[in-house]
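Below is one structure, written out as structure tokens; the observations come after it.
Read-outs: derived from the displayed coordinates by stated rules, not from any lab. No experiment lies behind these values; they were computed from the predicted model shown. Neighbour counts are summed over all protein chains in view; Cβ atoms, including those assigned to glycine, are modelled from backbone coordinates with ideal geometry.
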Ligand code: SF4
């Protein structure tokens, strides 16, 4: 690590002690940020870990909807996000007002449905939902929680929804949203890579379009991918169709393998530009300034209930006072 980054990392560790902070970092963050975190994980793991934090401050290295989720699930904590502009193309694809109008139209037409929402959504959208899922628990919720006889309005990721529809056989109405990173994997380049590495196994995230999933040996959410590569004992080559920083965690946990990212159509690395807004400098500065902070919003009350019964087992029971006493 260059000396300047070393200095910033040391400052962050110092501030962490002063503030009593726990750093949670998503697998899509740069390795240098993940290296400083107390916990790394996918959305599901981080949401669950957020409920266990007992230090007064959570520094969430991820995007806005994730930090909001941490706040909703552990409301008495100060939740800091290094860059408030770290958004998500899936959140942008599903404005709450548009979803509410669409749900109303379905009701007027006598459709019996429940709304299942991918966690990559705003708190207002979560508040309009029956269930919130991540790529790690979506199958379980669709199979076991949505009562038979109900259609599923799945928002906002059409690729994940289509995948779930195929695997579970449930009737779904799919919202037209997609992840800007997973959407652009290049089939042409993947086929070329497969030719160059004939023994390699291809693993893909279900947010990828169907033409990529059809070429994959394994399809699974973020945490499932890490577990899957761990089942190979012999050194193996993997072609990885998901956000490129995921390979950092795979390399750390299972260093016997070789990981090759599947390139995107528009760039060779497929890194999420929203996640990339968080830098070591911004992590340090948000701790220094105790800002930007995620503050409680009116829609958090209802969204929190949906989150808790969807993701936590057992769910959070008594409502927690949002502002502490
Ligand atoms: S990788 Fe895609 S789904 Fe994840 S935060 Fe970035 S834009 Fe959103």
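Highest mean first, what order results for 120-127, 251-258 on Cβ atoms within 10 Å?
120-127, 251-258
State, as an integer percentage, the relative contact order of the chain based on alpha-carbon contacts under 8 Å between residues 6 or more apart.
23 percent
What does the helix-only formula give at 222 nm for the chain: each DSSP H stretch with n ≥ 4 adding -39500 (n - 2.57), the total divided by the residues, and the result rounded to the nearest 500 deg cm²/dmol?
-11500 deg cm²/dmol
At a 10 Å Cβ-Cβ cut-off, how would you order 159, 26, fewest neighbours first?
With the fewest neighbours first, 159, 26 line up as 159, 26.
Of the beta bridges DSSP finds with both residues in the chain, what % are antiparallel, to the nearest 5?
In the chain, approximately 5 percent of DSSP beta bridges are antiparallel ones.
Which part of segment 82-106 falls in the paramagnetic zone of residue 277, meaning amide N under 15 Å from the point 7 Å along Cα-to-beta-carbon?
82-93, by backbone N distance to the label point.
Could you list 49, 68, 243 in order of exposure, starting from the residue whose Cβ has the fewest other Cβ atoms within 10 Å?
Listing 49, 68, 243 from fewest to most nearby Cβ atoms yields 49, 243, 68.
Connecting C-alpha atoms closer than 10 Å in a GNM of the chain, tell me which of 225, 275, 246 has the biggest fluctuation.
Of the options given, 225 has the highest mean-square fluctuation.
Post the alpha-carbon centroid distance, segment 56-128 to segment 144-178, in whole angstrom.
Between the Cα centre of segment 56-128 and that of segment 144-178, the gap is 17 Å.
Roughly what would the spin-label model give for residue 301 and residue 140, points 7 Å off Cα along C-beta, in nm?
If labels sit at residue 301 and residue 140, their model points lie 3.0 nm apart.
Using the beta-carbon distance between residue 260 and residue 288 and R0 = 41 Å, what value does 1/(1 + (r/R0)^6) give for FRET efficiency, to the nearest 0.05?
Working from the Cβ atoms, E equals 0.60.
Taking the beta-carbon count within 10 Å as an exposure proxy, list 65, 60 from fewest neighbours to most.
65, 60
As an exercise, use a Förster radius of 45 Å and the Cβ-Cβ distance of residue 187 and residue 18 to find the FRET efficiency, rounded to the nearest 0.05.
In this case the efficiency is close to 0.35.
Provide the gained length on full extension for the span residue 253 to residue 218, in nm with one decimal, where the gain is 0.36 nm per separating residue minus the Cα-Cα distance.
10.8 nm
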